[in-house]
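Working notes for the structure below.
The values are calculated or read from the model by the stated rules, or taken from the named source; none is laboratory data. Please read all numbers here as calculations on a predicted model, not as lab measurements. Glycine also receives a Cβ, built like all others from the backbone with ideal geometry; neighbour counts cover every protein chain displayed. For accessibility, only protein heavy atoms count, side chains too; no ligands or nucleic acids. Shrake-Rupley method; radii C 1.70, N 1.55, O 1.52, S 1.80 Å.
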Amino acid sequence: NAYQDSLKNICSKLFKPDNKDAVNEKLNEQLLTTFETALNLPNSFDFAFDSLSVLKYISILVSPDNKFRIINWNVPKNDGTQLYYGFIQEKYEQVIKKGLFKKQRTEVVQLYPLIDKSAETKNPDNAITDNKKWYGMLYYKIILKKTKSKKYYTLLAWDGNDKLTRKKIIDVLTFDNNGTPRFGADIFNMQKKYPKRIIFEYS
């Protein structure tokens, strides 16, 4: 609760429409640092941070199978473009051997910062990236699809883009064998094209 109060205080200053970019940059650094510290605390996965989501400062989406959640927000710039930030907080069970016949199951939470590299992504329709080269957007829904060998999480998202256009995006999240998140997948067939994600741009 103490961290949530600090985060709410930072957000109330950060999301003011008349802020200069330099002010928002400093406030957002505070937000990232505070959030990272809070999300690395034991049992933090089960803390909802509901006062942040109710005030619409931060989008917090929990996967349908409760395996991870995406904490996500956008910071508007003075030129009309957007910067995107966030974390994936993943929960999994770790089995530790205790002697020959005993096993201890422990819940482990792994945190992955989302680092927006949209400006460096030349062909976002066909890019498969990890969290360190993330094509930034603001997620608003997670849809789970299971196959025999894998789980696919379809992510519906919005991108403020610039002063002239907006984007709606269908992205895909999977996790590799090490638990690392991967964005984009070969699951789309759109007019004989096979993009890794689908991007609709509109005025």
To make sure I understand the rule: partners must be lysines, Cα under 22 Å from the Cα of LYS122, and not fewer than 8 residues away in the same chain. Which ones qualify?
LYS77, LYS132, LYS133, LYS163, LYS167, LYS168, LYS192, LYS193, LYS196
Under a 1.4 Å probe, what is the accessible area of the stretch 99-183 per residue, stated in Å²?
62
What shape does the stretch 116-161 take by its C-alpha gyration tensor, where a ≥ b ≥ c are the square roots of the eigenvalues and a/c under 1.5 counts as rounded, a/b above b/c as prolate, and the rest as oblate?
oblate
For PHE200, net neighbour charge (Lys/Arg +1, Asp/Glu -1) across residues whose Cβ lies under 13 Å away
0
Once all Cα-Cα distances of the stretch 90-150 are split into 10 Å bins that start at 0, what whole-number percent is in each one?
16, 28, 31, 16, 8, 1
Candidates ASN178, ASN28, ASN126; GNM for the chain (alpha-carbon contacts under 10 Å) flags as most fluctuating ASN178
Only one of the listed values, (1) 18.3, 65; (2) 17.0, 53; (3) 16.6, 49, was derived from the coordinates as Rg and Dmax of the Cα atoms in Å; which label is it?
(1)
Once you put a point 7 Å from the Cα of TYR194 and another 7 Å from the Cα of LYS91, both along the Cβ direction, what distance in nm separates them?
3.7
When the dipole is taken about the Cα centre of the chain, and only Lys, Arg (+1) and Asp, Glu (-1) are charged at their Cβ, what size is it in debye, to the nearest 20?
880
For the stretch 27-171, the accessible surface attributable to carbon and sulfur atoms (probe 1.4 angstrom, ligands and nucleic acids excluded) amounts in percent to 51
What's the center-to-center distance, using Cα atoms, between the stretch 86-100 and the stretch 106-146 in Å?
21
Sorting SER12, ASN178, PRO42 by the position of each Cα along the dipole of the chain (Lys, Arg +1; Asp, Glu -1; all at Cβ), the one nearest the positive end of that ordering is ASN178
Where the only charges are on Cβ atoms (+1 Lys, Arg; -1 Asp, Glu), what is the dipole of the stretch 127-203 about its Cα centre, to the nearest 20 debye?
260
Debye, to nearest 20: dipole size of the stretch 40-152, +1 on Lys, Arg Cβ, -1 on Asp, Glu Cβ:
740
Dipole of the chain, positive direction: furthest Cα of TYR3, ASN189, ASN161, with charges on the beta-carbon
ASN189
Taking only DSSP H segments of four or more residues, each worth -39500 (n - 2.57), what value at 222 nm results for the chain once the sum is divided by all its residues, to the nearest 500 deg cm²/dmol?
-5500 deg cm²/dmol
